[in-house]
Every structure is written in C-alpha cells, then in structure tokens.
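Read the structure below first, then the notes.
The values are calculated or read from the model by the stated rules, or taken from the named source; none is laboratory data. Just so it is clear, the structure is predicted and the values come from calculations on it, not from any experiment. FYI the Cβ positions are ideal-geometry reconstructions off the backbone, even for glycines, and counts take in every protein chain you see. Just the protein is used for accessible areas: all its heavy atoms, side chains included, with ligands, DNA and RNA removed. Shrake-Rupley method; radii C 1.70, N 1.55, O 1.52, S 1.80 Å.
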Amino acid sequence: SSSRFLVEVAPGNARAFEKAMVEYVRAGLGRVTEDGFLRVHGLSGETAAECDVDDLRRAWQSAEIV
C-alpha cells in the first residue's frame, strides 16, 4: 500500500508500542533530541538526512499554498 504513518513514541513507551504493532511492518527512524537538528536514520543506522530545525521551520512558513 502507499499509506505510511510517522509516530513519535516516548522512550519509556517504545517496548509497549513495538508489542502493539508486532503485526505491522515498522522501522525506527530516529529520536527526539534537544540539539536543534532533525536527523533521519536508515534501517542500518546510518544518517540518511540531517537538517537544522530552524531552517525547516523557515522553509515551511514561507511555503506558498496553491
């Protein structure tokens, strides 16, 4: 299917989330930090993308809706 969901789970709830989602294909993409960067990790753990959150916010806020 083409549907995907991005879910943020607190570290203390990760095990329960994994147990609840055992029937579904899923993968961890990263974790929330306080350093001001969005980092996306691939399945083998390598960093696939890294962006400054302030840059992302500015890009989002300046986007035109057509």
| request: Go through region 49-64 residue by residue and tally those that are assigned to a strand (DSSP E or B) and open to solvent by 70 Å² or more (accessible area, probe 1.4 Å). | output: 1
| task | Filter region 1-13 down to the residues that are under 15 Å from the mean Cα position of the chain (by Cα), open to solvent by 100 Å² or more (accessible area, probe 1.4 Å) and free of Cβ contacts under 8 Å to residues at least 12 places away in the same chain, then identify the one that is farthest from residue 33 (Cα to Cα). | result | 4
| Restricting region 14-43 to residues that are modelled with pLDDT of 90 or more and open to solvent by 90 Å² or more (accessible area, probe 1.4 Å), the residue that is nearest to residue 2 (Cα to Cα) | 24
